[in-house]
1. On average, how much accessible surface per residue is there in the chain, in Å², for a 1.4 Å probe, leaving out ligands, DNA and RNA?
2. To test your reading of the geometry: what angle, between 0 and 90 degrees and rounded to tens, separates the Cα axis of helix 178-192 from the longest principal axis of the chain?
3. Which of the three applies to the stretch 246-319, rounded, prolate or oblate, going by the alpha-carbon gyration tensor with a ≥ b ≥ c and a/c under 1.5 meaning rounded?
4. Could you list which residues have their amide H under 5 Å from that of Ala9, counting only those 5 or more apart in sequence or on another chain, with H placed in the peptide plane?
5. So, with +1 on the Cβ of K and R and -1 on the Cβ of D and E, and no other charges, what is the size of the charge dipole of the chain about its Cα centre, to the nearest 20 debye?
6. Using heavy-atom solvent-accessible surface (probe 1.4 Å) with all chains present, what is the largest-first order of Glu436, Glu336?
7. Within the set of other residues whose C-beta is less than 12 Å from the C-beta of Gly366, count the net charge using Lys and Arg as +1 and Asp and Glu as -1.
8. Extension gain Leu408-Arg288, at 0.36 nm per residue separation less the Cα-Cα distance, in nm?
Amino acid sequence: MTLTLVRHADSLVTMDDARREIADGAMAFRDGVIVAVGTSTELAPLADEADEVIEARGCVITPGLVNTHHHLFQTLTRALPGAINVSLFGWLKRLYPIWAQYRPEDVFAATQLGLAELALSGCTMSSDHHYLFPEGVRLDDSIHAAQEMGLRFHATRGSMSVGESKGGLPPDSVVEEEEAILADTIRLIDMFHDPADGAMLRVAVAPCSPFSVSTDLMRQSALLARDKGVMMHTHLAEDADDVAFSLERFGCRPGQYAEDLGWTGPDVWHAHCVQLDAAEIGLFARTRTGVAHCPCSNCRLGSGIAPVRAMLDAGVPVGLGVDGSASNDSGHLLNEARQSMLLQRVHLGADRFDPRESLWLATRGGAQVLGRGDCGFLEPGKRADFAVWDMGDMASAGAWDKVAGLVLAPPLAARDVFVEGRAVVRSGDLVTVKREEVLAAATRSLERLMDAA
Ligand SMILES: [Zn+2]
C-alpha cells in the first residue's frame, strides 16, 4: 500500500472531461491507482504519509501516451534498401521475404526495442498488430517481451491467409490456414486476455487487411471477437490503391465492406482510414468505430492526409499510432502528436488544429479507441499511467506555453514514465530492462536477418 506523491509540476494536464490544466500541479497514487489530483498546496497534507515524493518543478505532467497501432516486429527492418522510396504495396512486397526469416528470438528482440523507444517517448500503453508467424513464432513471444518491459499491452492476433496464388498480395510462404488462425486466436484469448479494469494485457482479433485475408475470415473473426468479448482491429482505406482493390475485388468501398462483415462498432478500431469519404466518416461516427491515425506513416508512404479534422468534428473516436517502424521509421509517440497537428495544418490552415488537440489524441483519444475508460486521463480512481516531461531541456527550453510546447517543441524523451504506478523510465533511462541488453539482442537479430537476406 505504498503512497507516492508527485508535486510542483508547472502544469498537470489532466485530460479530464473539463480538460483541466493545473498550475503547480500534484498527484498522488497508491497501488497503481490515482487517489488525488490538485494543486501542490491542496495535496500538501499527503506529503507526510507518502512513501516517496517526486519533485516535478520545470516539468509538465500528462497522462501516459497511448499508441493504437504498431507492428513491433518491424522494428528490425527500418530504412531497408528497396523499401525506402516505394508506396504501400511495393513496400510490402519488398519486406515479406525478409519477415519470413524471423525466429521467436527476433520477435522478442524487436518488440523490446520498439517498446523501449515508445516508453522513452512517454508511452504507457501500446497495441501491437502482429500478423507474421514463420518458424515457431507465436504471439506469446511479443507478449512476454511486453510483460518484461511493464508497459500496458494490447496484443492483437493478426493473420494473413490469401497468398499470391489466390490473388492476394503476400507470398504463399507467409500465409496460414484459416482454421489454424482461428484456433490459435481462441488459445491466446483464453490464455492471456484480461477484461478487468486496470488490465495490463488484453488480446484482440486482427486479420491483417482486406487484401490479405478472405471475406470469410473477416466475418469469422468478427463473430469470434464478439463471442469472446474482445476487440477487433485491421487496416482500412490506407491509400488509393487500397480503395481501388476494394472496388475491384469486392465491388464496394472499404467502409461498406467493413459494415457488411460486422466490422463497425465501439469494439472495432481501424488503422489509417486516410481515404474515408464523407459517408464513411458518418458511418464511423454513428457506430462509434475507432480510428488509429498514423500521420508519419501516411507521410512516409505517400498515402495521403487522413481527414482527422472532419472525423473529430463528426464524433469519430480517433487515437494516434506510430505504425510499424518499417513505415515510419521512427517510433517516437510524442513526435507523432506533433506530426498529426502539422499534417492537418498543411491541409487546412494554421488555425484548424491546436497542439492541445493533438495531445488529447495521443492520450485520452487513444485510450478511448482501445476501449479503456480506466486510462488516458488523470483523475482519482483512474490508473496511475503518466509521463513527466522536463521542459527545461535543450529541445523545449524557451517555450512560454509549456503545454503547447510539448507538441510544438517536444522534448527528446520523457524524464519519468509510470505505468500502473510503477516506474518504467526514471531520469530519462529505462528501469525495467537494461538499455544495453535490449540493443545487443536487437543487433544479434539484425545481423542474422541481414545474413539470411
Ligand atoms: Zn500498420
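The values are calculated or read from the model by the stated rules, or taken from the named source; none is laboratory data. Values in this document were obtained by computation on a predicted structure and should not be read as measured data. Neighbour counts are summed over all protein chains in view; Cβ atoms, including those assigned to glycine, are modelled from backbone coordinates with ideal geometry. Note: areas computed on protein heavy atoms with side chains; ligands, DNA, RNA excluded. Shrake-Rupley method; radii C 1.70, N 1.55, O 1.52, S 1.80 Å.
1. On the way: 16300 Å² over 453 residues.
Value for the chain: 36 Å² per residue.
2. For helix 178-192, the angle is close to 20 degrees.
3. On the way: a/c = 1.71, a/b = 1.12, b/c = 1.53.
In terms of gyration-tensor shape, oblate.
4. Placed amide hydrogens put Gly25, Ala56 under 5 Å from Ala9.
5. Numbers: 40 positive and 62 negative charges, 119 e Å.
It comes to approximately 580 debye.
6. Details: Glu436 120, Glu336 0 Å².
The ranking, largest first, comes out as Glu436, Glu336.
7. On the way: positive: Arg152, Arg364, Arg372; negative: Glu336, Asp385.
Taking every Cβ under 12 Å from that of Gly366, the sum is +1.
8. Values: separation 120, 0.36 × 120 = 43.20 nm, distance 2.99 nm.
This chain segment gains 40.2 nm when fully extended.
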